[in-house]
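One structure below.
The values are calculated or read from the model by the stated rules, or taken from the named source; none is laboratory data. Everything numeric here is computed off the predicted structure, so don't read it as measured data. Here Cβ is always computed from backbone atoms with ideal geometry, including for glycine, and neighbour counts include all displayed protein chains.
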Amino acid sequence: MEEKKFYLNITTKNEDGKTETKIVYVSEEVYRAYKQPYWKEKQQERRASRCMVDGHRCMEDCTKCGRLRDGAPLSLEQLTEDGIEVPSSYETPEEAALQKEEYEELYTAMATLTELDQKILWMMTDGKSDHAIAEALGMAQTTVSYRRRAALKNLKKLLG
């Protein structure tokens, strides 16, 4: 039986500035270490794409499914057809002006925070967990949690 070979496609730029792909043969350990994060991300995407039905993960064909999965785009028309009333963003121009003023206050207060604390809060508003933020910034999760709480406390103090 022939021994299995492992390789990686490495893309580089040559002297002319053109990209070229080279095949580099590696050991199984190097291959697995290189591919592991990619595999983990793909597995998480597959799991996230499945919807929950009666507390269990659905295993049906998603292309033929009528259910709305988490993260799927919402349609105002579909919500209306389903009998869900969708209020307009602003009832009056005064409310729009008030919201704009509140956003300006928030941005001014955010500017007083350190750059790292601002990054943590923006990532948090993007829906990232403390664990994901810690990984992205290369720091401990407890540090991210502490800095997040302290930054929010400072914002609350500034905004009253």
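Key figures
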| quantity | calculated |
| --- | --- |
| Counted residues, the stretch 114-132 - those being touching a helix residue (DSSP H, G or I) at 6+ places or on another chain (Cβ under 9 Å) and among the charged types (D, E, K, R) | 4 |
| Unique match (being at pLDDT below 90 and either surrounded by 14 or more Cβ atoms within 10 Å (Cβ to Cβ) or charged (D, E, K, R) (or both)) among 96, 109, 134 | 109 |
